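Only one structure is covered here, and it is reproduced in the block below.
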Amino acid sequence: MSSRPEREVEFDRLNLLGKVVFVTGTTVRVIGSVIDSVVETVSGVAQEAEKAFKEGMDPNIDEATIVDEGRDRSS
């Protein structure tokens, strides 16, 4: 990020352009944080699902095969 130190901004002392820039910057930061959080969560879920899948695999069991896919004709 930037190497400039953060400084307090007195919102009520800003002119119209300053307020627009301030609100836009704050909105972009919040949206960026939300997107980052969502990406981290989805990534964590995907890693956990892959881990659970790999731990649940049994080398003594072959791949599943469909024995019969026909419809029940008695109904």
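Restricting region 1-26 to residues that are of a type in the set (Asp, Glu) and part of a loop (DSSP other than H, G, I, E, B), the residue that is modelled with the highest pLDDT is Glu10.
The set of residues in region 7-35 being among the aromatic types (Phe, Trp, Tyr) and without any contact (Cβ under 8 Å) to a residue 12 or more places away in the chain consists of Phe11 alone. If the condition is being basic (Lys, Arg) and surrounded by 10 or more Cβ atoms within 10 Å (Cβ to Cβ), then region 1-49 contributes Lys19, Arg29. In region 27-75, of all residues being over 15 Å from the mean Cα position of the chain (by Cα) and at pLDDT 95 or above, the one that is nearest to Phe11 (Cα to Cα) corresponds to Thr27.
The values are calculated or read from the model by the stated rules, or taken from the named source; none is laboratory data. The model shown is predicted, which means the values in this text are computed figures rather than measured ones. Neighbour counts run over all protein chains shown; Cβ positions are idealised from the backbone, glycine included.
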